[in-house]
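Q: First the structure, then my questions, so here it is.
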Amino acid sequence: MPGVEEEENVNVLFMDTLLRYYMHIDPDTLSDKQWAWTLRYLYDIRKMENKTER
């Protein structure tokens, strides 16, 4: 299917950018498991921040 792999690469780049921007972490230094858990932690942190801002 054309474009699917390209879309997946864009999503990974976007998530890498989120890690750099919010957590000041170089995602290239993380194992795949650490990368996935760090994204999860970022999601949870942002969710908690949004609850406290209301």
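Q: Whose amide H sits under 5 Å from the amide H of ILE25, counting only residues 5 or more places off or on another chain, with H placed in the peptide plane?
A: For ILE25, the qualifying residues are ARG20.
Q: At 7 Å along Cα-to-Cβ for each site, give me the label-to-label distance between ALA36 and VAL10 in nm.
A: So the two model labels end up 2.4 nm from each other.
Q: Another one. Using a basic spin-label model with each label point 7 Å from the Cα along Cα→Cβ, how many nm lie between ASN50 and ASP26?
A: 3.1 nm
All of the numbers you see were taken from the coordinates with simple rules; none came from a lab. All of these numbers come straight from a predicted model, not from anything done at the bench. Heads up, the Cβs are rebuilt from the backbone with ideal geometry, glycines too, and the neighbour counts pull from every protein chain shown.
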